[in-house]
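Since the structure comes first, as structure tokens, the remarks are kept for the end.
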Number of protein chains: 2
Amino acid sequence: MATLNDIGVAAAINILTAFAFFLAFAMLRIQPVNDRVYFPKWYIKGLRSSPLVNGSAFGSKFVNLDLRSYTRFLNWMPAALQMPEPELIDHAGLDSAVYLRIYLLGLKIFGPIALIAFTVTIPVNWSNNTLEHSGLTYSDIDKISISNIPIGSHKFWTHLVLAYCFTFWTCYVLKREYEIVAAMRLHFLASDQRRPDQFTVLVRNVPPYPDESVTDLVQHFFLVNHPHHYLSHQLVYNANKLSELVNEKKKIQNWLDFYQNKYKRNPLKRPSLKTGFLGLWGNRVDAIDFYTSIVERLSRDICGEREKVNSNTKSIMPAAFVSFKTRWGAAVCAQTQQSRNPTTWLTEWAPEPRDVYWENLAIPFVFLTIRRLIAAVAFFFLTFFFMIPIAIVQSLANIESIEKALPFLKPIIEVKFIKSFIQGFLPGIALKIFLLLLPTILMMMSKFEGFISLSALERRSASRYYFFQFINVFLGSIITGTAFQQLNHFIHQSTSQIPKTIGVSIPMKATFFITYIMVDGWAGVAGEILRLKPLIIYHLKNSFLVKTEKDREEAMDPGTVGFNTGEPQIQLYFLLGLVYAVVTPILLPFITVFFALAYVVYRHQIINVYHQEYESAAAFWPDVHVRVVAALIVSQLLLMGLLSTKEASQSTPLLITLPVLTICFHRFCKGRYEPAFVRYPLQEAMMKDTLERAKEANLNLKGFLQNAYIHPVFKSADGSDSESESEWERSPALVATKRTSKRFTPMPSKDGGSLLSLDQVNDECLKP
Amino acid sequence: MATLNDIGVAAAINILTAFAFFLAFAMLRIQPVNDRVYFPKWYIKGLRSSPLVNGSAFGSKFVNLDLRSYTRFLNWMPAALQMPEPELIDHAGLDSAVYLRIYLLGLKIFGPIALIAFTVTIPVNWSNNTLEHSGLTYSDIDKISISNIPIGSHKFWTHLVLAYCFTFWTCYVLKREYEIVAAMRLHFLASDQRRPDQFTVLVRNVPPYPDESVTDLVQHFFLVNHPHHYLSHQLVYNANKLSELVNEKKKIQNWLDFYQNKYKRNPLKRPSLKTGFLGLWGNRVDAIDFYTSIVERLSRDICGEREKVNSNTKSIMPAAFVSFKTRWGAAVCAQTQQSRNPTTWLTEWAPEPRDVYWENLAIPFVFLTIRRLIAAVAFFFLTFFFMIPIAIVQSLANIESIEKALPFLKPIIEVKFIKSFIQGFLPGIALKIFLLLLPTILMMMSKFEGFISLSALERRSASRYYFFQFINVFLGSIITGTAFQQLNHFIHQSTSQIPKTIGVSIPMKATFFITYIMVDGWAGVAGEILRLKPLIIYHLKNSFLVKTEKDREEAMDPGTVGFNTGEPQIQLYFLLGLVYAVVTPILLPFITVFFALAYVVYRHQIINVYHQEYESAAAFWPDVHVRVVAALIVSQLLLMGLLSTKEASQSTPLLITLPVLTICFHRFCKGRYEPAFVRYPLQEAMMKDTLERAKEANLNLKGFLQNAYIHPVFKSADGSDSESESEWERSPALVATKRTSKRFTPMPSKDGGSLLSLDQVNDECLKP
């Protein structure tokens, strides 16, 4: 077992690693050539143009020669914290701002808890000699944990009282935060300018009717049943094949650009390639001609397919985006049942146009239930049996089989050093690859289930990912066994035994989790800011593909916050913190440091890097809330199990009431705050409608909504790009920009010439 | 253990008992003097007038002298089955008609199952000698149960296949039935004539506002947020004290009538009474004067209280019945969220005026959550610890303490026969009294929880009663232990062990449950038709209280179907049938007989006796459905436990899929049919609105709704009676009557003079 010394060494190593990452980031960041990697958001917002254009000396275009700027290598941290929250919401959207509040929530919960736990439990735990007399091996960590208290001692009352205090504090913070976020959401929706999704409802499962087309059917139905409110509707087409073709063309176009660039740089030799598998064999042809012909063929196919989609009634799905004259009408339609048969004419709020996941709109509604069942079963097997295929791969991927398959590698593999390296490395690699792919697999599952908005997809993936981590990382590390072994174990064990089994092993695993937090939390977060992968890819693309400024813009990959992977990771820390708060409080400072560090890093990234794909107005908060509450209940049950093995059974009734109270708290919060995230109150809708009517009496709402919900492949003329964003999409960004640019100057301006002047910004804004 | 012979004897006894009840019923029923006890529904509908008025000979007014009618003593059975269902709905309401369908559901499920189980399992079970060779004592019942199959035999596949067949059959019948009932409900709501609850929404938790009264607040809110639909509203007053006074006055009035009648019969002696406790001591006063003075005082109090309620703003609750111009407007308001704060301006469909439980409207909304929590905890303790107070009472109520308390009884008690009788009887009596009071206790709990309609109260009581019976009758009989002992047992047992423990004891308890079914089901149902308690009470009232025809009408106590006690009883039979279908199919015929008998008896009672208190349009069906599904899942789990002890573990995966499939089935039904019971589709609402507008263009809806939701104590002039029913209440009964009277003649017409002639009926109907 690890001593405090070991932990100190591990901490030092990880702090140094994190520091190294920060240092590297500080160096790379101020090089103008990396500017688009580290500040893409400003480029996307049009607030910063390429340093290649504005720079003066040639060298300073690529390398920063201002030595002074190297001395202030950590000054991005205060800068990241400077932007006030309302401005952050304007700049990066409510989703991002509320996502940051999850880290703040962690700080608010664990800061005071760490303080109290240290001042109270550590002296109480330390003042015993149980472990010294037990003859067991133990470490300093164990001396300050609950293990050091003798069986049946009255000192357990301290832990009991603390468990109550921590529960009340956590609930208090959770409630306040839910309240604030709900208010922020409502305020955002109220102050937000006109958006098409406020007026639009998605209708699914329009029942088939032989004599009428879908469009007539929808129009008649809503004209009859919402006579004063119906405005227009937009049919949903199954354009999946079309968008496949468009994507295909884009890919080929990239290759064509690559070879054209190559030819331009070296005009003496026309590039050529082999047409076979991966360019390894086949006929050698002229690359530019080859790809040009493919692009032409695809363009023809796209035109044909587009015509087919437009003319063929089979590509019209029995679904439609129905728009209403008022927000009130849309709110009514989205919240009520339309027809006698509750599985037809299903209405729900339309997601924001950016948020729509178009592929899934083409899934017939009847299959959704079946798909959901299949996905649930698949997820169950994935969680509990994922080790089986990995074990098979591991047994296949040994040195002997590699030597057999690729005999020419034999002399290299036989070198002793390499052999042992491969032998140590290979078994782990299959697992590592699986874990890296897991979020993608889960996202595919969610897509299969048929959610129709990106935000819903991410939320579902996040909750599955959390469950997987809970079973396989948290419980798996504590009980050390695969999930299936655990399951088997639990089924054959008495119900009251389960918390005991886990409870007992918890204090013993504290050092493992401390190391985990430092590697995954500290060094991992510091690595996030470095953006190594986007950096490499950007420079590769920049060298080979970029021809115009627009290409360069596309080459930047700002990425997103990544709710489906980021949030479950944070939740794991909430779980660890709450479980260990009473048991081994030494874990808490590590978690607090993680939350603080991650808050600063992600705030910086959200301001400067990540580009928001959609705006769900913090629709994910109920999920965040419920998972923290679940972690709280788990921690209470495990503490109960632990104390019952310590023969402090007189405390059991008091411990049982804790989860009951927590569940009541959850139900209260659900009733009080959740409706703000799923419904739209009529009063609010009416208020906004009235205000709008007063302000803009002659508003052409129909024109405003006309093209909002057209499938993106139909929007642009050639279907290759989202250039022709409709009016509503561009305008909010401009408004936000205006406000931001006046009050907040991003730091890179100090590097000279890389930011537009204020006049330029204003000029930009005045353009239509 | 009981042999087939024992069962035969028990069956004979119970059949004889049931027969005796039917015979007694047949005798009592045709006596004109009992007419109001056995046909009160016809009196209430105005289709039958008192035989005392119309009879010719004096004797025939009280005793039926037509000997022929005694020979046809079972002819009420075909008569009860004659009335077709649509007419039954007109006559007794949809609730009653659908309630009868629960019995039909039982017949539909268990008829075919019994047939298959008999032809398949009994030969399979019988053809083994396991029990003969086991050396255990066993009975013939066990020989044809699953116990007779050797451990690890392949014959268990038969049972497995049967379990699948039975599950599919049950689900199929359930789905069809759900479909039919949902259609019936929608048809009823659509074809039903105008009712105030279709236009009215109950708004609760109107937020306090210092400058405006509640009535202005409500009006402004709905005028602003539902401008085209709001019509009017009716405030809710806290008139609980007033209705208490009114009830008090009614009770005292009864006593006054009693003494006045007494005095009239014996004018020589003015009746007197003692004013002390129970009339046992105190001053002797003149009874008529005494009660007259109390009635006068109460009348004054009532007037004062009424004025207070009307004038004092504190008696106005922050709730209101808001009426809309159209059904569409009401449907929208009931299904949407009104205000930003989801705990204010809460809207829900108003219950039917008859269905409103006025007392609970006065409960402030904030207390409801707390009340619900308290009720849940109380119910938990009631279910699992109810034996504790009963055990205490039992230990106190022994012969010695009776002798001590009431020494004068000693000589009687000491008689040996009486002593042994009391000793055998006393311990049970406390339990019996508790079980008799249980529905009342549960109903009080539901009232405490604050449900605002009688139908909701009954539904909640029914589900609690069912849970109590499941734990204490079903599990309690199988594991033989109090619920708390079971709970303790289960907590300390492995999860996989629980179904095994129960599963193993199931076949052994078959004979017990057969006896239970015969006593509770056969004889009990036969006893229901006799109506012994109402019979006695009616004759007591008739002798002492009745002065006018109106009094006599009040003296009849038609009773109601009693969903809160009746439905859980039926559900217990569903549970028993499904659990034993595969294990010991000999139980099935007994259950089938119960369902058939109960169907006929309750159909008779519903046609002739029970008076519907409210019409919820079969809102209880989802509860019925979900409880049968739960019984199905319990039966599957127990079969799994049983088979796993029989070492037929290869069947486990197949058995696990059964509950999973059943849960999927339940979710499907919930999605497909439940909305018909909780929501009102806008399409339907719009259709009815349009039709109505076309038919009655100049409808005065405001007048129609004006007094619909006034507290009943305000309706009548003196607040003592519900005589002044508003227009809408009387009209539907008349319509139903007209149609019924033409096509259906209730049998008692044969007894001569006890039914109005058709002309008289029509005359009656033409009266306003």
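There is no residue in region A:657-668 that is in a loop (DSSP other than H, G, I, E, B) and either within 25 Å of the chain's Cα centre (by Cα) or more than 14 Å from every other protein chain (Cβ to nearest Cβ) (or both).
Residue by residue, here is whether (1) away from every other protein chain (no Cβ under 14 Å); (2) in contact with a Phe, Trp or Tyr (Cβ under 9 Å, 6 or more places away or on another chain) holds:
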{"position": "A:203", "(1), (2)": "no, yes"}
{"position": "A:208", "(1), (2)": "yes, no"}
{"position": "A:217", "(1), (2)": "no, yes"}
{"position": "A:233", "(1), (2)": "yes, yes"}
{"position": "A:265", "(1), (2)": "yes, no"}
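Condition check for residue B:605 on (1) crowded, with 20+ Cβ neighbours inside 10 Å; (2) in contact with a helix residue (DSSP H, G or I) (Cβ under 6 Å, 6 or more places away or on another chain): one failure, at (2). Among the residues making up region A:266-303, a single one is among the hydroxyl-bearing types (Ser, Thr, Tyr), at pLDDT below 80 and not in a strand (DSSP E or B): A:275. Look at region A:626-640: where a residue is free of Cβ contacts under 8 Å to residues at least 40 places away in the same chain and a partner is open to solvent by 10 Å² or more (accessible area, probe 1.4 Å) and not charged (D, E, K, R), sitting 6+ places away or on another chain with Cβ atoms under 6 Å, you get A:633/A:659.
Residues in region A:427-479 that are aliphatic (A, V, I, L, M) and within 19 Å of residue A:624 (Cβ to Cβ): A:442, A:443, A:454, A:456, A:457, A:462, A:473. Open to solvent by 40 Å² or more (accessible area, probe 1.4 Å) and under 30 Å from residue B:618 (Cα atoms), is that true of residue B:191? So residue B:191 fits the description; yes. One residue alone among B:667, B:679 is open to solvent by 80 Å² or more (accessible area, probe 1.4 Å) and in contact (Cβ under 8 Å) with a residue 24 or more places away in the chain, and that residue is B:679. Can you spot a residue in region A:201-224 that is in contact (Cβ under 8 Å) with a residue 40 or more places away in the chain, more than 15 Å from residue A:235 (Cα to Cα) and open to solvent by less than 20 Å² (accessible area, probe 1.4 Å)? No; the residues of region A:201-224 include none that is in contact (Cβ under 8 Å) with a residue 40 or more places away in the chain, more than 15 Å from residue A:235 (Cα to Cα) and open to solvent by less than 20 Å² (accessible area, probe 1.4 Å).
Residues that are surrounded by fewer than 24 Cβ atoms within 10 Å (Cβ to Cβ) and among the aliphatic types (A, V, I, L, M) within region A:587-600 comprise A:588, A:593, A:596, A:597, A:600, listed in sequence order.
For region A:586-600, a residue qualifies if it is at pLDDT 90 or above and either assigned to a loop (DSSP other than H, G, I, E, B) or more than 18 Å from residue A:510 (Cβ to Cβ) (or both), and the qualifying residues are A:595, A:596, A:597, A:598, A:599, A:600.
Out of A:70, A:99, A:138, I need the residue that is assigned by the TED database to the domain that holds residue A:593 and modelled with pLDDT of 90 or more. Which one?
A:99
Of the residues making up region A:18-30, those that are open to solvent by 20 Å² or more (accessible area, probe 1.4 Å) and either under 16 Å from residue A:514 (Cα atoms) or aromatic (Phe, Trp, Tyr) (or both) are A:19, A:21. For residue B:190, the test of being among the small types (Gly, Ala, Ser) and over 24 Å from residue B:362 (Cβ atoms) is passed.
Before we move on, is residue A:568 surrounded by fewer than 24 Cβ atoms within 10 Å (Cβ to Cβ), in the same structural domain as residue A:534 (by the TED database) and without any contact (Cβ under 8 Å) to a residue 24 or more places away in the chain? It is false that residue A:568 is surrounded by fewer than 24 Cβ atoms within 10 Å (Cβ to Cβ), in the same structural domain as residue A:534 (by the TED database) and without any contact (Cβ under 8 Å) to a residue 24 or more places away in the chain.
Checking each residue in region B:25-35 for being part of a helix (DSSP H, G or I) and in contact with an Asp or Glu (Cβ under 8 Å, 6 or more places away or on another chain) picks out only B:32.
Being under 26 Å from residue A:584 (Cβ atoms) and either more than 10 Å from chain B (Cβ to nearest Cβ) or surrounded by 19 or more Cβ atoms within 10 Å (Cβ to Cβ) (or both) is the requirement here; does residue A:616 meet it?
no
Listed residues B:237, B:178; which is more than 14 Å from chain A (Cβ to nearest Cβ), surrounded by 20 or more Cβ atoms within 10 Å (Cβ to Cβ) and of a type in the set (Ser, Thr, Tyr)? The match here is B:237. Could you go through region B:684-698 and let me know if any residue there is free of Cβ contacts under 8 Å to residues at least 12 places away in the same chain, of a type in the set (Asp, Glu) and assigned to a loop (DSSP other than H, G, I, E, B). Scanning region B:684-698, I find at least one residue that is free of Cβ contacts under 8 Å to residues at least 12 places away in the same chain, of a type in the set (Asp, Glu) and assigned to a loop (DSSP other than H, G, I, E, B), so the answer is yes. In this entry, residue B:364 passes the filter for residues that are surrounded by fewer than 15 Cβ atoms within 10 Å (Cβ to Cβ) and closer than 30 Å to residue B:232 by Cα. No other residue among A:426, A:442, A:435 is within 34 Å of the chain's Cα centre (by Cα), modelled with pLDDT of 75 or more and over 21 Å from residue A:374 (Cβ atoms) apart from A:435. Out of everything in region A:699-713 that is touching a Ser or Thr at 6+ places or on another chain (Cβ under 7 Å) and outside any helix (DSSP H, G or I), what residue ends up being farthest from residue B:335 (Cα to Cα)? Only one residue tops the list, namely A:707. Scanning region B:305-327 for residues that are open to solvent by less than 10 Å² (accessible area, probe 1.4 Å) and either more than 30 Å from residue B:242 (Cα to Cα) or within 8 Å of chain A (Cβ to nearest Cβ) (or both) yields a single hit, B:327. Residues that are outside any helix (DSSP H, G or I) and under 24 Å from residue A:47 (Cβ atoms) are absent from region A:96-114. Of the residues that make up region B:617-629, is at least one in contact with a Leu (Cβ under 7 Å, 6 or more places away or on another chain) and farther than 20 Å from residue B:113 by Cβ? Yes; the residues of region B:617-629 include at least one that is in contact with a Leu (Cβ under 7 Å, 6 or more places away or on another chain) and farther than 20 Å from residue B:113 by Cβ. Of all residues in region A:330-347, those being part of a helix (DSSP H, G or I), at the interface with chain B (Cβ under 7 Å from one of its Cβ atoms) and open to solvent by less than 10 Å² (accessible area, probe 1.4 Å) number 2.
The condition of being on the phi < 0 side of the Ramachandran plot, within 14 Å of another protein chain (Cβ to nearest Cβ), part of a helix (DSSP H, G or I) and touching a residue at least 24 places away in the same chain (Cβ under 8 Å) holds for only one of B:354, B:372, that being B:372.
The values are calculated or read from the model by the stated rules, or taken from the named source; none is laboratory data. Remember, predicted model here, so these are calculated numbers, not experimental data. Here Cβ is always computed from backbone atoms with ideal geometry, including for glycine, and neighbour counts include all displayed protein chains. Please note that ligands, DNA and RNA were not included when accessible areas were found on the heavy atoms of the full protein model with its side chains. Shrake-Rupley method; radii C 1.70, N 1.55, O 1.52, S 1.80 Å.
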